[in-house]
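Encoded as structure tokens, the structure appears first; notes follow it.
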Amino acid sequence: SLFANPRNAAAGSLRQLDPKVAAERPLDIFVFSLNGISGVKSLSAHWDTLQYLKELGFKVNPLVSLLTDLEQIMDYYRNIESRRHELPYDIDGVVLKVNELHCQQQLGSTSRAPRWAVAYKFMAEEAVTRVKDIEVNVGRTGAITPVAILEPVLLAGSVVKRASLHNEDVLKEKEVMIGDEVVVHKAGDVIPEVVKVIKEKRTGRERAFSMPQLCPSCGKGLQRLSGEVAWRCLNPACPAQLIERIIHFASRNGMDISGLGESLARQLYESGLVKDVGDLYTLSREKLVQLERMGEKSAENLLEALHKSKGNPLHKLLVALGIRFVGERAARILANHFKSLPEIAVAPEEEITGLEEIGPKIASSIKHFFNQEETKRIIKKLEDAGVNFKEEPENEGNNGVLEGCTFVLTGTLKDYTRREATLLIQAKGGKVTGSVSKNTDYV
């Protein structure tokens, strides 16, 4: 059977455990950069590296071009966009790069992408379908998101049944009604989104949708905070938020509690066994086996996973707690600086803001989180259960072994998953980025 799209075909082929299977598939590649060269010749520009790669026999895309001003850039973009469907491969945009290599080095990279390159995407593939209904979802942070329920439509290689309407402002701006025929696309060729309503096809039977005034989960009033576009449920005991928080707490980036997914999280909450994440560590075999489809072995496995999670380093606990704007990178920065959860909880906002990569928005969110009484109760439960509140010893000083080294992980590793390898590198002081640049030391 055919793959849904080229991305899936390439990724699936490269992940084959048997290299013979991958070798049988007609994969091909264009080389777009040369990370470094020494002892042969001196290259000062990205364009020169591409010409040198061609001399060495590598395949370089014949459509690459050296541009000198904005008008040339726009002409190039429009030309490639007009030819995209004539090409024997799929593309979704063009990438503009700084040519001088010393400038690339000075600009550097974030943890996700180089600062010296920017992608300009083409218009996404579109399809027409009908809005069957509009529902609202309650997220972990209480944000209320309207979602269009669509008649299933094939779009960019997959069947789309739902599309986010983001918030009330977007909903009003696009004037989406239940029953409307709409144009949908995948933003970035990934996320389904309603582009516009086809108003000329309205019959008069369409129904307007209004954002609810009460939370659909707990029935409490919704609020729209100053400076925000989203309506939020601020009730800390909201069931939908609590279930989402349990799921997030147990996720791989959080406490990594194997076996605790959405279905079990809902069961634990609805049965009354778990009202917040602190209650997870009060579970017993006797309580768990009373749940539907929970046998002795499953209960033992979950309890073992919970016990194991108590020893996680502080940065994983910080991610698991679900503090707004605090992701994995910020959590690691906080943990490495403050060393313990109590120190973070009482740290002045100015000190938090002073940390590299931590801005006022994150610092304010951290202070708000730890000042809430609900947070203090959860922290006390976690402390009583023996959950580790300190950063693991090997992060102290980072052991210095890989200090200053930047890694890019690609392909399948022999003894570790990419995530395991990333954590080991970071524990030794190294940095892992998502793309190769002049600052990369190891691939």
Between segment 5-50 and segment 205-279, the alpha-carbon center distance in angstrom: 43 Å
Proxy reagent accessibility, fewest Cβ within 10 Å first, across 319, 274: 274, 319
Within a Gaussian network of the chain (alpha carbon springs, distance under 10 Å), most fluctuating of 185, 307, 85: 85
Loop sites in segment 13-84: GluC sites (Glu not before Pro), DSSP, at most 14 other Cβ within 10 Å: 24
Relative contact order (%) - the chain, alpha-carbon pairs under 8 angstrom, separation at least six: 11 percent
Descending semi-axes in whole angstrom, ellipsoid equivalent of the chain, from the Cα gyration tensor: 40, 34, 23
Alpha-carbon centroid distance for the pair segment 107-172 / segment 293-312, whole angstrom: 36 Å
Distant-in-sequence amide H partners of residue 109 (H built 1.01 Å from N, under 5 Å): 115
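Can you give the Kirkwood hydrodynamic radius of segment 31-121 from its Cα pairs, in Å with one decimal? Provide the component values of the computation, followed by the final result.
Values: mean 1/r = 0.0682 Å⁻¹.
Kirkwood radius, segment 31-121: 14.7 Å.
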Interchain or long-range residues, amide H under 5 Å from residue 136's placed H: 147
Isolated Cys residues of the chain, judged by Cβ distance under 4.7 Å to other cysteines: 103, 405
log10 of Debye I(q)/I(0), alpha-carbon scatterers only, for segment 314-391 at 0.14, 0.16, 0.23 Å⁻¹: -0.38, -0.51, -1.10
Per-residue [θ]222 nm for the chain (sum of -39500 (n - 2.57) over DSSP H runs n ≥ 4, rounded to 500): -10000 deg cm²/dmol
GluC sites (Glu not before Pro) restricted to segment 174-242 and DSSP loop, no more than 15 other C-beta within 10 Å: 175, 228
Long-range amide H partners of residue 31 with built H, under 5 Å: 59, 60, 61
Cβ charges +1 (Lys, Arg) and -1 (Asp, Glu), total dipole of the chain, debye: 560 debye
Neighbour-limited loop hits for GluC sites (Glu not before Pro), segment 291-322 (at most 11 other Cβ within 10 Å; DSSP other than H, G, I, E, B): 292
Fluctuation leader among 245, 84, 130 - the chain, Gaussian network, Cα springs under 10 angstrom: 84
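Could you give the dipole magnitude of segment 174-317 about its Cα centre, charging the beta-carbon of Lys and Arg +1 and that of Asp and Glu -1, in debye to the nearest 20?
Working: 22 positive and 19 negative charges, 59 e Å.
The dipole of segment 174-317 has a size of about 280 debye.
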Eligible lysines near residue 201 by straight Cα distance, threshold 20 Å, same-chain separation 8 or greater: 132, 172, 174
Selected from 26, 216, 152 as most flexible by GNM, with the chain as the system and alpha-carbon contacts under 10 Å: 26
Under Karplus coefficients 6.51, -1.76 and 1.60, residue-wise ³J(HN,Hα) of segment 221-235 in Hz, glycine/proline x: x, 8, 10, 10, 6, 4, x, 10, 8, 8, 7, 9, 8, 9, 6
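Here, each number is a calculation from the coordinates, and none is a lab measurement. Everything numeric in this text was worked out from a predicted model, so none of it was measured. Positions of Cβ are generated from backbone atoms using ideal geometry, with glycine treated the same way; all protein chains shown enter the neighbour counts.
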